[in-house]
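Chemist: Pasting a structure here, questions to come.
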Amino acid sequence: MCMIRLFEEAIERLFLEGRVMGTAHTCIGQEAVAVGTAAALEACDAMTTTHRGHGHFLARGADPARAMAELFGRETGYSRGRGGSQMMMDPDIGFYGANGITGGSIPFATGVALDAKLRGTGRVTVCFFGDGASNQGVFHESLNLAALWKLPVLFVVENNGYAMSTSTVRGLSNTHIAERAGAYGIPGASVDGNDFFAVRDCVAQHAAASRAGQGPALLECVTYRLSGHSRGDARVYRSREEESAAWENDPILRLEAYLKADGTLTDDSAKTLRDAAHARVDEAIRFAESSPLPDPASLQEDLFA
Ligand SMILES: Cc1ncc(C[n+]2csc(CCOP(=O)(O)OP(=O)(O)O)c2C)c(N)n1
Ligand SMILES: [Mg+2]
């Protein structure tokens, strides 16, 4: 979780410094959802994500150096520098990609789960998406088919309070997204998405059921997008007081306090962990900046249209 936080903070800084181009959506404040979910999965399982997917990718085991290189547009990046923030994937770790289309990963993950069912691989697919994406038509279409065909897929909605500048109370007729599970006759659960253990245990329980043939579930992780929507968001649609209150609920500080209270972590070991995470992110930036840009002569490689 620390490494994800530092990776995201580095990206926000690198954009401001003009060292990284384009845009990116960071997941500061949502790290427990990514890491809690990844901790509950098996190596054979699959994940898909959204435009806000760095944390999911890193939690699944992506190399931060290659992810950073992709953000820098370098040949050593996950998409050879051609995709950037929203176009990273690595099938070798069961990570089938981010998606710039809001809700775009929902039918895609359903297809990955259909493949697992037809082949009998025992693989569970986790599909991350946001509260805003839950209003897309493909959400209904995918959950209906996944429920009908009892597909091994967990729809994990990160209810982070906002879709761009629209708060959930302004955009959702019922902000308790997990309650929609009843419409499809599948299990639904809502957990505190800033509590690592709550997320991990909930995903583990439903992944086991799904793996055993019981079909999909809709899991809602209630969290808060501490960052702006993307680069250059002045956050005029919410107050600084609201943000300060949300920072009090920082999932990393909560986990740290918990682990210190039960004696697992000390001030020294917490510092050692943070230093190690810092070193990995610093090394990722060094790797990215020293990597070559793609050769212009390779421009037409990997084009399918
Ligand atoms: C089909 C489509 N419509 C609109 C957009 C513009 N858009 C990008 S992110 C976003 C909000 C997504 O909100 P949510 O699903 O809650 O995810 P979050 O950004 O909170 O992680 C929108 C509307 C898009 N990328 N794709
Ligand atoms: Mg959202």
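Chemist: Which of the residues that make up region 130-166 are more than 9 Å from ligand 1 (Cβ to nearest atom) and of a type in the set (D, E, K, R)?
Modeler: GLU141, LYS150
Chemist: Can you list the helices (runs of 4 or more DSSP H) found entirely within region 207-305 that contain at least 1 residues being in contact with a Pro (Cβ under 9 Å, 6 or more places away or on another chain) and surrounded by 12 or more Cβ atoms within 10 Å (Cβ to Cβ)? Step through it out loud before you land on a result.
Modeler: Details: elements: 240-247, 251-261, 267-290.
Those helices (runs of 4 or more DSSP H) span 267-290.
Chemist: Considering only residues of region 54-110 that are within 14 Å of ligand 1 (Cβ to nearest atom) and of a type in the set (S, T, N, Q), which is surrounded by the fewest Cβ atoms within 10 Å (Cβ to Cβ)?
Modeler: The extreme case among them is THR102.
Chemist: Just to check your reading of the model, which residue among GLY161, GLY185 is over 23 Å from ALA46 (Cα atoms), more than 16 Å from ligand 2 (Cβ to nearest atom) and in contact (Cβ under 8 Å) with a residue 12 or more places away in the chain?
Modeler: GLY185
Chemist: Still on this model: Filter region 206-256 down to the residues that are closer than 16 Å to GLY161 by Cα, in contact (Cβ under 8 Å) with a residue 24 or more places away in the chain and of a type in the set (Gly, Ala, Ser), then identify the one that is nearest to ligand 1 (Cβ to nearest atom).
Modeler: Among them, the one singled out is SER230.
Chemist: Which numbered condition in (1) among the hydrophobic types (A, V, I, L, M, F, W, C); (2) buried (at least 23 other Cβ atoms within 10 Å of the Cβ); (3) out of contact with any Cys (no Cβ under 8 Å at 6 or more places or on another chain) is the only one that ALA34 fails?
Modeler: (3)
Chemist: Tell me yes or no: at least one residue of region 140-153 is in contact with a strand residue (DSSP E or B) (Cβ under 6 Å, 6 or more places away or on another chain), in contact (Cβ under 8 Å) with a residue 12 or more places away in the chain and under 27 Å from TRP247 (Cα atoms). Let's see the steps before the verdict.
Modeler: The first filter runs over region 140-153 and keeps only residues in contact with a strand residue (DSSP E or B) (Cβ under 6 Å, 6 or more places away or on another chain), leaving 146, 153.
Filter once more, keeping what is in contact (Cβ under 8 Å) with a residue 12 or more places away in the chain: 146, 153.
If we keep only those that are under 27 Å from TRP247 (Cα atoms) too, we end up with none.
The answer is no, given that none of the residues of region 140-153 is in contact with a strand residue (DSSP E or B) (Cβ under 6 Å, 6 or more places away or on another chain), in contact (Cβ under 8 Å) with a residue 12 or more places away in the chain and under 27 Å from TRP247 (Cα atoms).
Chemist: Would region 72-79 turn up any residue that is among the basic types (Lys, Arg) and in contact (Cβ under 8 Å) with a residue 40 or more places away in the chain?
Modeler: There is at least one residue in region 72-79 that is among the basic types (Lys, Arg) and in contact (Cβ under 8 Å) with a residue 40 or more places away in the chain.
Chemist: Being of a type in the set (D, E, K, R) and crowded, with 18+ Cβ neighbours inside 10 Å narrows it down to one of ARG119, ARG123, so name that one. Outline the logic, then answer.
Modeler: Working: ARG119 fails: crowded, with 18+ Cβ neighbours inside 10 Å.
Going through ARG119, ARG123 in turn, just one is of a type in the set (D, E, K, R) and crowded, with 18+ Cβ neighbours inside 10 Å: ARG123.
Chemist: Would you check which residues across region 1-41 are at pLDDT 95 or above, of a type in the set (Val, Ile, Thr) and more than 16 Å from GLU289 (Cα to Cα) and list them?
Modeler: Hits for region 1-41 are ILE4, THR26, ILE28, VAL33, VAL35, THR37.
Chemist: Residues that are within 21 Å of VAL281 (Cβ to Cβ): find the helices (runs of 4 or more DSSP H) completely inside region 45-155 holding 3 or more of those.
Modeler: Fully inside region 45-155 and qualifying: 54-59, 64-71.
The values are calculated or read from the model by the stated rules, or taken from the named source; none is laboratory data. The structure presented is a predicted model; accordingly, all values stated were derived computationally and were not measured. Don't worry about glycine lacking a Cβ; one is built from the backbone with ideal geometry, like all the others, and counts go over all protein chains shown.
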